[in-house]
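Only one structure is covered here, and it is reproduced in the block below.
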């Protein structure tokens, strides 16, 4: 196996943990971040680090060019991980906010993926791994833009997996579905919420106030796991001869996958309504 992998969103949380852990296990890791201070810190930690902003097509083009040069045109794996969540009721999500959410969480992922596939074909095999979410399986209120982006990622991955079934070059497409993980995701979401949503002149003012109190405490979701739990699934996706299409991570993900299959819609809606306030 050519143990080379490009991991995006390595400034903190899942991306940083997985990048450092895989490097320690002998992988050659190409890590990306947006901020110069994060790039510098990751380089000090021994990672080969590059700038990437999914909303900037030119940065994607340059990243692919630089990584191709660094790995002699042969790459084994991509872990699309960099993303953020834009909270807010769908009624308060403007076209511009939804577009921005998709630029980062969907369009950028697709652009980077398709540009790296020739490197995987040149390598003779490859793995495309997307860090999805339990919210790619079920939708929860106040998270509509993020829900939509993850549903889109799931659909793109499923489609590409089917299209690659008959390929002469084995390239596996895998979805990892974490659920609640300890990271800076909530803090970033709160900042986007405060920056972009009018919490006063809205029919949802009372609900927003309640939601902000929950998020200020880091959320009340039970059974949060550390990024190590995602690393375990990532390693399986990278090393299995025939990786699964999906790897659930937390109890929340496994539970919601089951409830989606067995509950009638009214009961599922009731459960999701309760879970949305966690």
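The values are calculated or read from the model by the stated rules, or taken from the named source; none is laboratory data. These numbers were taken from a predicted model, which means no experiment stands behind them. Here Cβ is always computed from backbone atoms with ideal geometry, including for glycine, and neighbour counts include all displayed protein chains.
Say we look at segment 35-45 and pick out the residues that are touching a residue at least 24 places away in the same chain (Cβ under 8 Å) and surrounded by fewer than 18 Cβ atoms within 10 Å (Cβ to Cβ); which of these is farthest from residue 130 (Cα to Cα)?
The qualifying residue farthest from residue 130 (Cα to Cα) is 45.
From the list 242, 195, 260, which one is more than 20 Å from the chain's Cα centre (by Cα) and more than 30 Å from residue 171 (Cβ to Cβ)?
195
Please name all residue pairs, on different chains or six or more residues apart, with Cβ atoms under 6 Å, provided the first residue is in segment 7-34 and is assigned to a loop (DSSP other than H, G, I, E, B) and the second residue is modelled with pLDDT under 95 and surrounded by fewer than 24 Cβ atoms within 10 Å (Cβ to Cβ).
Every condition considered, the pairs that remain are 12/184.
What are the residue pairs meeting all of these: first residue in segment 223-239, first residue farther than 11 Å from residue 178 by Cβ, second residue at pLDDT below 95 and assigned to a helix (DSSP H, G or I), Cβ atoms under 9 Å, and 6 or more apart or on different chains?
Listed pairs, sorted by first residue: 223/251; 223/252.
Considering only residues of segment 138-158 that are out of contact with any strand residue (DSSP E or B) (no Cβ under 9 Å at 6 or more places or on another chain) and outside any helix (DSSP H, G or I), which is farthest from residue 248 (Cα to Cα)?
141
Answer yes or no: is there a residue in segment 203-226 that is surrounded by 15 or more Cβ atoms within 10 Å (Cβ to Cβ) and within 17 Å of the chain's Cα centre (by Cα).
Yes, because at least one residue in segment 203-226 is surrounded by 15 or more Cβ atoms within 10 Å (Cβ to Cβ) and within 17 Å of the chain's Cα centre (by Cα).
Residue 259: surrounded by fewer than 16 Cβ atoms within 10 Å (Cβ to Cβ), modelled with pLDDT of 95 or more and touching a helix residue (DSSP H, G or I) at 6+ places or on another chain (Cβ under 9 Å), yes or no?
So residue 259 fails the test.
Please verify whether segment 63-78 includes one or more residues that are within 18 Å of residue 11 (Cβ to Cβ), in contact (Cβ under 8 Å) with a residue 24 or more places away in the chain and not in a helix (DSSP H, G or I).
yes
When you go through (1) assigned to a helix (DSSP H, G or I); (2) surrounded by fewer than 16 Cβ atoms within 10 Å (Cβ to Cβ); (3) without any contact (Cβ under 8 Å) to a residue 24 or more places away in the chain one by one for residue 59, which number turns out not to apply?
Just one mismatch for residue 59, condition (2).
Please state which of the following conditions residue 161 fails to meet, knowing it meets all the rest: (1) modelled with pLDDT under 95; (2) part of a helix (DSSP H, G or I); (3) under 30 Å from residue 3 (Cβ atoms).
(1)
I'd like to know if segment 179-189 contains one or more residues that are surrounded by 14 or more Cβ atoms within 10 Å (Cβ to Cβ), within 19 Å of residue 98 (Cα to Cα), without any contact (Cβ under 8 Å) to a residue 40 or more places away in the chain and within 27 Å of the chain's Cα centre (by Cα).
yes
Every residue, every condition in (1) within 28 Å of residue 101 (Cβ to Cβ); (2) more than 20 Å from the chain's Cα centre (by Cα), yes or no:
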site: 7; (1), (2): yes, no
site: 12; (1), (2): yes, no
site: 16; (1), (2): yes, no
site: 29; (1), (2): yes, no
site: 32; (1), (2): yes, no
site: 37; (1), (2): yes, yes
site: 53; (1), (2): yes, no
site: 74; (1), (2): no, yes
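Could you list all residues from segment 79-103 that are in a helix (DSSP H, G or I) and in contact with a helix residue (DSSP H, G or I) (Cβ under 8 Å, 6 or more places away or on another chain)?
Selection gives 90, 97, 98, 101, 102.
Per-residue answers, yes or no, for (1) over 12 Å from the mean Cα position of the chain (by Cα); (2) more than 28 Å from residue 274 (Cα to Cα); (3) touching a residue at least 24 places away in the same chain (Cβ under 8 Å):
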| site | (1), (2), (3) |
| --- | --- |
| 87 | yes, no, yes |
| 93 | yes, no, yes |
| 104 | no, yes, yes |
| 108 | no, yes, yes |
| 113 | yes, yes, yes |
| 120 | yes, yes, yes |
| 137 | yes, no, yes |
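I'd like the full set of residues that are out of contact with any strand residue (DSSP E or B) (no Cβ under 9 Å at 6 or more places or on another chain), on the phi < 0 side of the Ramachandran plot and surrounded by fewer than 17 Cβ atoms within 10 Å (Cβ to Cβ), limited to segment 70-93.
90, 91
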